[in-house]
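Here's the structure we're looking at; comments come further down.
The values are calculated or read from the model by the stated rules, or taken from the named source; none is laboratory data. Computed from a predicted structure; not experimentally measured. Cβ atoms come from the backbone with ideal geometry, glycine included; neighbour counts cover every protein chain shown. Protein only, heavy atoms only, side chains kept; ligands, DNA and RNA dropped before computing areas. Shrake-Rupley method; radii C 1.70, N 1.55, O 1.52, S 1.80 Å.
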Amino acid sequence: MGQEDEPTGEMVVYQSQDGTTRGECRFADETRWLSQSLIAELFQTTPQNVTQHLRSIFREGELNPEATCKDFLQVRQEGERKVRRQVKHYNLDAILAVGYRVRSLRGTLFRTWATQRLSEYLVKGFTMDDERLKSPPVDSEGVPDYFDELLERIRDIRASERRMYLRVREIFALAASSRKSRPVLGAIFGHLRMTHTGPRRMTSGLQLFC
């Protein structure tokens with residue numbers, strides 16, 4: 001396995017002044033790698049406890065060690081000399097899996113935050129880190145910004161056939177509040193239903209009214 005320099009980035013779980021639990025992740029390479037000692041520091045537990053949880057996670061087949069574990073070159077100052085060692089690091093999947101198992105105050109804060117995010121996703125169909133999106137990284141930080149990807153996905157959702165149809169219905173319902181417009185709206189809606197039979201043609205027709 002090739003040697004790589006220790007990865008950069010940060011991952012923080014904390015409770016803000018208003019009592020809201022937050023998790024912040026800043027990655028330089030699409031994921032975050034932490035050593036066992038850093039995972040222990042993150043969740044305020046011991047490295048031995050982290051080792052136990054990782055063994056259980058791999059033994060139970062929750063994660064594949066080959067896909068979640070990687071050696072990085074770590075340089076440490078020991079006395080008057082610098083020592084270079086390969087240290088095992090674990091990716092974000094493993095870090096999160098440990099967070100769900102560890103018993104500590106920080107682990108509880110993490111699970112509270114994760115449950116809030118999962119609940120929001122199940123109820124609304126999405127979840128977002130508003131503060132992170134409001135404070136994008138600058139070029140010098142070397143951290144990717146996913147705001148453009150978010151906008152592209154929103155555009156794709158808005159252009160979906162069903163979303164277009166519901167939007168047109170809202171417009172028609174609003175306009176139908178005027179009695180004078182009802183005959184005209186009925187004629188337009190009937191024309192759309194008869195002439196735009198295919199999904200793509202229906203979409204092109206609906207776009208005229210959005």
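Residues in segment 102-127 that are open to solvent by less than 30 Å² (accessible area, probe 1.4 Å), part of a helix (DSSP H, G or I) and under 15 Å from LEU38 (Cα atoms): GLY107 alone.
Restricting attention to segment 28-40, does a residue exist that is surrounded by fewer than 12 Cβ atoms within 10 Å (Cβ to Cβ), at pLDDT 85 or above and either in contact with a helix residue (DSSP H, G or I) (Cβ under 8 Å, 6 or more places away or on another chain) or more than 30 Å from SER135 (Cα to Cα) (or both)?
no
Being of a type in the set (S, T, N, Q) and surrounded by 10 or more Cβ atoms within 10 Å (Cβ to Cβ) is the filter here; which residues of segment 61-80 pass it? ASN64, THR68, GLN74 - these are the residues of segment 61-80 that are of a type in the set (S, T, N, Q) and surrounded by 10 or more Cβ atoms within 10 Å (Cβ to Cβ).
Among the residues in segment 47-57, are any modelled with pLDDT under 90, out of contact with any helix residue (DSSP H, G or I) (no Cβ under 7 Å at 6 or more places or on another chain) and open to solvent by 60 Å² or more (accessible area, probe 1.4 Å)? Scanning segment 47-57 turns up no residue that is modelled with pLDDT under 90, out of contact with any helix residue (DSSP H, G or I) (no Cβ under 7 Å at 6 or more places or on another chain) and open to solvent by 60 Å² or more (accessible area, probe 1.4 Å). If you go through segment 81-101 one residue at a time, do you hit one that is modelled with pLDDT of 85 or more, open to solvent by 100 Å² or more (accessible area, probe 1.4 Å), closer than 17 Å to ARG32 by Cβ and in contact with a Ser or Thr (Cβ under 8 Å, 6 or more places away or on another chain)? Yes, segment 81-101 has at least one match. Give the residue that is modelled with the highest pLDDT, with candidates limited to residues of segment 14-23 that are touching an Asp or Glu at 6+ places or on another chain (Cβ under 9 Å) and more than 17 Å from ASN91 (Cβ to Cβ). Per the criteria, the residue is ARG22. In segment 80-101, the residue that is farthest from GLN52 (Cα to Cα) out of those that are assigned to a strand (DSSP E or B) and in contact with a Lys or Arg (Cβ under 6 Å, 6 or more places away or on another chain) is VAL83.
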